[in-house]
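*Asks:* I am attaching a structure below and will ask some questions about it afterwards.
Nothing in this text is a laboratory measurement; each read-out follows from the coordinates by a stated rule. Everything numeric in this text was worked out from a predicted model, so none of it was measured. Positions of Cβ are generated from backbone atoms using ideal geometry, with glycine treated the same way; all protein chains shown enter the neighbour counts.
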Amino acid sequence: MIADGDESLAMNLRPLFVAGNWKMNLTIPEAERLAAAIVGASPGLPEARLVVAPPFTALSSVREVLRGSSVSLAGQNLYWEEKGAFTGEISAAMLRDVGCQYVIIGHSERRQYFGETDAGVNKKIRAALSHGLSPIVCVGESLDERENGQTIARIMSQIEEGFKNLGAAGFSQTMIAYEPVWAIGTGKTATPAQAEEVHALIREKLAEEYGNSPASCAIILYGGSVKPANAFDLLTEKDIDGFLVGGASLEAASFIEITKEAIRALKVKT
Ligand code: PGA
């Protein structure tokens, strides 16, 4: 039990997560090879909780590769209905069935290309939780929003709408990934200070909604052009608890190196 306001203790209790979002990449054999390399390295990275999110087609095969290891499986999306005539969609129960523990929800690419809204994100979070999946909920501002001084307003409304009526129990199972849209796949990373500013405000917002103690335990990942060269500096920031990695998660060597840098940073900060 963490006393309210005991920030440094809470920080120590927040586990380090490094999640790889493979997006629409990799055939089944390629996905199996990447997963096997990560599984091979994982005993040397006990301080980190590793998660991989393959495309739907590779989930079942990657599950077999992960079996018996500490690496967890995530879906990249789901649909909130239980089942039925929803061509092309995948339910929360299906993700559980194939061995997922986590699911990415509200990624900016889904919002941008597939019209996902905060209301839809809310339904997806609830569907995930009701099937025992832990959501990794993505929030972030566009370049326009940043340049017009709307970053904080945008992120706060994504959280307000996306987390609407989410009880304390649901909240405790949910991670947030702050991913500035202008930093995703562009090679432009937010500076550690830019990222920390938003992470700290997210945590403050969560404290208003859920109380200090749950907010100080909440896991807030950063995503957007994370690579071995910037992972250490980002993770030394107080409110950055791990990473959601896209491009650099498609090579085992860079994913593992990012994780090692994150572990090195964790040791400095705790
Ligand atoms: P990126 O993607 O690391 O390639 O920028 C991050 C993400 O979209 O989750």
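*Asks:* Relative to the compact-globule scaling 2.2 N^0.38 Å, provide the ratio for the alpha-carbon radius of gyration of the chain.
*Replies:* 0.94
*Asks:* If packing is taken as the average count of other Cβ atoms within 10 Å, what order do 20-26, 257-263 fall into, highest mean first?
*Replies:* Result, highest mean Cβ count within 10 Å first: 257-263, 20-26.
*Asks:* Determine, for each peptide in 76-83, 131-138, the mean count of other beta carbons within 10 angstrom over its residues, then list the peptides with the highest first.
*Replies:* The densest-packed peptide leads the list: 131-138, 76-83.
*Asks:* Can I ask one more? Can you compute log10 of I(q)/I(0) for the stretch 128-233 with the Debye formula, treating each Cα as one identical point scatterer, at q = 0.10, 0.12, 0.19, 0.22 Å⁻¹?
*Replies:* So the normalised log intensities are -0.28, -0.41, -0.98, -1.22.
*Asks:* Work the Kirkwood hydrodynamic radius out for the stretch 153-195: mean of 1/r over every pair of different alpha-carbon atoms, inverted, in Å.
*Replies:* 12.3
*Asks:* State the extension gain, in nm to one decimal, for the chain segment bounded by residue 209 and residue 130, taking 0.36 nm per residue of separation less the distance between their alpha-carbons.
*Replies:* Extra length available between residue 209 and residue 130 comes to 26.4 nm.
*Asks:* Also: Relative contact order (percent) for the stretch 44-134, with alpha-carbon contacts under 8 angstrom and 6 or more residues of separation?
*Replies:* Across the stretch 44-134, relative contact order equals 27 percent.
*Asks:* Using the Kirkwood formula over every pair of different C-alpha atoms, what hydrodynamic radius in Å results for the stretch 6-125?
*Replies:* About 15.6 Å, per the Kirkwood formula over Cα pairs.
*Asks:* Still on this structure, I have one more. Averaging the inverse of every distinct alpha carbon separation and then flipping it gives the Kirkwood radius. What is it for the stretch 195-270, in angstrom units?
*Replies:* 12.9
*Asks:* Residue 197 to residue 123: extension gain in nm, 0.36 nm per residue of separation minus the Cα-Cα distance?
*Replies:* Value of the extension gain: 23.8 nm.
*Asks:* May I pose another question? Hey, what's the Cα Rg ratio for the stretch 180-238 versus the globular rule of thumb, 2.2 N^0.38 Å?
*Replies:* 1.21
*Asks:* Which of the peptides 190-200, 175-185 is most tightly packed, and how do the rest follow, judged by the mean count of other Cβ atoms within 10 Å per residue?
*Replies:* 175-185, 190-200
*Asks:* Separate question: Could you pull the Cα extents of the stretch 77-131 along its three principal axes, largest to smallest, in whole Å?
*Replies:* Taking max minus min along each principal axis of the Cα atoms, the stretch 77-131 gives 29, 24, 16 Å.
*Asks:* What whole-number value in cubic angstrom gives the convex hull volume per residue for the C-alpha atoms of the stretch 74-175?
*Replies:* Enclosed volume per residue, from the Cα hull, is 94 Å³.
*Asks:* Can you tell me the FRET efficiency between residue 60 and residue 253 if r is taken as the Cβ-Cβ distance and R0 is 25 Å, rounded to the nearest 0.05?
*Replies:* Approximately 0.45, to the nearest 0.05.
*Asks:* Can you list the residues of the stretch 167-189 with backbone N under 18 Å from a point 7 Å past the Cα of residue 150, pointing along Cα to Cβ?
*Replies:* Counting only backbone N, you get 179-183.
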